[in-house]
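Here is the structure we will look at.
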Amino acid sequence: MLTTAGSEDEARKLAHALVERRLAACVNIAPQVKSIYRWQGKVETASEWLLIVKTSRERTKEIEQALRELHSYEVPECIWLDVAGGSEGYLRWLGENARG
């Protein structure tokens, strides 16, 4: 799953909360990506931190709820990407660490 945050501090807090709550097994934070987007009828530019959230499909609703609760954005990004495959050991670890 992909999401963004407006500051490094917020990115760290979101990542920590998702892993702590066992909603994600791991969250990578990529610093200062440039985002150009349309918001309220205007084209905006911002520096954001990209969060790559490693989780299971079963956690989607809970993660969306957590982002609505924790995120400073009015409409936080929440983009789901399906994993076509991966190493058996890694996928097992992910499943074991992203569940309640």
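Here are the numbers for this structure:
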read-out	value
Residue in segment 17-29 that is nearest to SER47 (Cα to Cα), counting only those that are within 11 Å of the chain's Cα centre (by Cα) and not β-branched (Val, Ile, Thr)	ASN28
Selection count, segment 2-17, where residues are among the small types (Gly, Ala, Ser) and under 15 Å from GLU64 (Cβ atoms)	1
In segment 29-38, residue most open to solvent (accessible area, probe 1.4 Å) [restricted to those that are closer than 15 Å to GLY6 by Cα and at pLDDT 95 or above]	LYS34
In segment 88-100, the residues that are open to solvent by less than 70 Å² (accessible area, probe 1.4 Å) and either closer than 27 Å to SER7 by Cα or assigned to a loop (DSSP other than H, G, I, E, B) (or both)	LEU94, ASN97, ALA98
Count of segment 7-16 residues which are under 13 Å from the mean Cα position of the chain (by Cα) and open to solvent by 30 Å² or more (accessible area, probe 1.4 Å)	3
Residue list for segment 49-77, filter: assigned to a loop (DSSP other than H, G, I, E, B) and either among the acidic types (Asp, Glu) or surrounded by fewer than 16 Cβ atoms within 10 Å (Cβ to Cβ) (or both)	SER72, TYR73, GLU74, VAL75, GLU77
Filter result for GLY86 (farther than 19 Å from GLU10 by Cβ and at pLDDT 95 or above)	no
Residue match in segment 2-14 (condition: in contact with a Cys (Cβ under 8 Å, 6 or more places away or on another chain) and either of a type in the set (D, E, K, R) or not in a strand (DSSP E or B) (or both))	no
Qualifying residue in segment 21-40 (condition: part of a strand (DSSP E or B), small (Gly, Ala, Ser) and touching a residue at least 40 places away in the same chain (Cβ under 8 Å))	no
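The values are calculated or read from the model by the stated rules, or taken from the named source; none is laboratory data. Please read all numbers here as calculations on a predicted model, not as lab measurements. FYI the Cβ positions are ideal-geometry reconstructions off the backbone, even for glycines, and counts take in every protein chain you see. Ligands, DNA and RNA are excluded from the accessible area calculation, which covers all protein heavy atoms including side chains. Shrake-Rupley method; radii C 1.70, N 1.55, O 1.52, S 1.80 Å.
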